[in-house]
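Report on the structure given below.
The values are calculated or read from the model by the stated rules, or taken from the named source; none is laboratory data. This one's a predicted model, so the numbers in the text were calculated from it and none came from an experiment. Every residue, glycine as well, gets a Cβ built from its backbone with ideal geometry; the counts of neighbours run over all protein chains shown. In case anyone asks, the SASA skips ligands and DNA or RNA and just uses the protein heavy atoms, side chains included. Shrake-Rupley method; radii C 1.70, N 1.55, O 1.52, S 1.80 Å.
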Amino acid sequence: MDQLPVEVIGNILSHLRAARDVVIASATCKKWRQACCKHLHTLSFSSNDWPLYRDLTTSRLEILITQTIFQTSGLQALSILMEDVDEFSASTVIAWLMYTRETLRHLYYNVKTTPNVNILELCGRHKLEILDLAHNSISGVEPNYQRFPCLKSLSLSYVSISALDLNLLVSACPKIEALELVNPEIAMSDAQVTVELSSSTLKSVYVEAISLDKFILEADGIECLHLKDCALEVFELIGKGTLKHFKIDDVSVIHLDIGETVENLEIVDISNFTIIWPKFYQMISKSSNLKRLRLWDVMFDDEDEVVDVETIATCFPQLSHLSLSYDVRDGALHYGLQGSSCLENVLVLELGWTVINSLFSHWVEGLLKRCPNLKKLIIHGVVSEAKSEEECLILANFTTSMIELMRRYTHVDPHFKYE
């Protein structure tokens, strides 16, 4: 250990991340203390790392953090996550950020202060590449002054911000590639809640727990779009056909438009969502390069609608992973499995139920016949604690039918996952 360069020791200490662990390790010897002061580049203060943080008074905690930060030089990544801690003094937090902002590349900030600290004003025009803000308030964005020339990733969780300021903030990041919005409090001046965002560099967008009348996203280079737990009347994506990964989870939307040029789509993942199959199919039908399709716990707007396997086999010849879970009725067997086209490239097939019935095993068998090169079958099921005699009989018959079915498909590796 004595032969290790002090720079290497600094790198080792940086991988510890948690400030308490870094301080303890740096007490090893003089060389390690020097490494901590001169070559430490990552430091994290989190109330989850050490529960005793919550037992300290706010003033004592401020002193500990101040002493630790001010003993370093050249920090590149700083994480201050104090969710269950009382409000800090704004002047103290400002001192931390002003001391580190010249070298800081990554900032993860979840601190309650009185008054609110303007992170954009303190850290704008510097070298930040990742900014993760939580439980904060942003107002009066000045894109010419509060500019982030190097920022690639922006995450806002439980942040209060107006629709205009959000758009201005994104435009103030000319190199932004990833945007994450989690339960933002969107302040609006008029009755209709509309958010319009525009960026030519965005590649990944994640939106969770947001309620809006209209969300318009203009992103020419977007590759990944994930909407979760949202209530939207209109969602519109304006792009140039670069989208590769599209995921929706528990979203209520009246009008959904991801653009007409979807030839590059490789993954479509839809769960806990009500779909109108003809419109949904029309939206993704030109995605001939689709490799993974997941329709999980989906409901149909029309009771007579089913997932048409023949259409999937014809339009998505590159499909290698297919996941389906919905209420299997007679129509799913008769109409959903009609036709003779095979899913030649499907190697993994996932099928599931929420309420099992006698048709499920026949549905599984019908899909197995359409996947001649299948290697892995995964069955997902929900088994309630209290079951009637009829439900137990259905489950027993399904188990028997699966055993018989797997004897005929010995090349398929079966897996069962129950919850």
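Table for the structure above
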item	result
Listed pairs Lys175/Lys279; Lys228/Lys286; Lys127/Lys291; Lys291/Lys369; Lys152/Lys228; Lys203/Lys286 exceeding 29 Å between Cα atoms	Lys175/Lys279; Lys127/Lys291
Accessible surface, per residue, of the stretch 302-418 when the full set of protein chains is kept, probe 1.4 Å, Å²	52
For the chain, calculated [θ]222 nm from helices alone, where every DSSP H run of n ≥ 4 adds -39500 (n - 2.57)	-8000 deg cm²/dmol
Angle between the chain longest axis and helix 6-16 axis [Cα atoms, degrees, rounded to 10]	50
Shape of the stretch 129-231, Cα gyration tensor, a/c cut at 1.5	rounded
Cα centroid separation, the stretch 140-176 to the stretch 46-68 (Å)	30
Residues of type aspartates and glutamates that Lys31 reaches as a straight line, Cα spacing below 16 Å, ignoring anything fewer than 8 places off in the same chain	Asp2, Glu7
With 20 Å bins from 0: P(r) over the chain, alpha-carbon pairs, percent	22, 40, 31, 6
Estimated dipole of the stretch 302-418 in Debye, rounded to 20 [Cβ of Lys and Arg +1, of Asp and Glu -1, Cα centre]	720
Local electrostatic count, Ser384, Cβ distance below 14 Å [Lys/Arg +1, Asp/Glu -1]	-4
Probe 1.4 Å, all protein chains present, accessible-area order of Ser388, Ser285, largest first	Ser388, Ser285
Cα gyration tensor, the stretch 27-150 - rounded (a/c under 1.5), prolate or oblate	oblate
Listed residues Met402, Met1, Met299 arranged by accessible area, highest first, probe 1.4 Å	Met1, Met299, Met402
Global form of the stretch 302-418, assessed from the alpha-carbon gyration tensor, a/c cut-off 1.5	oblate
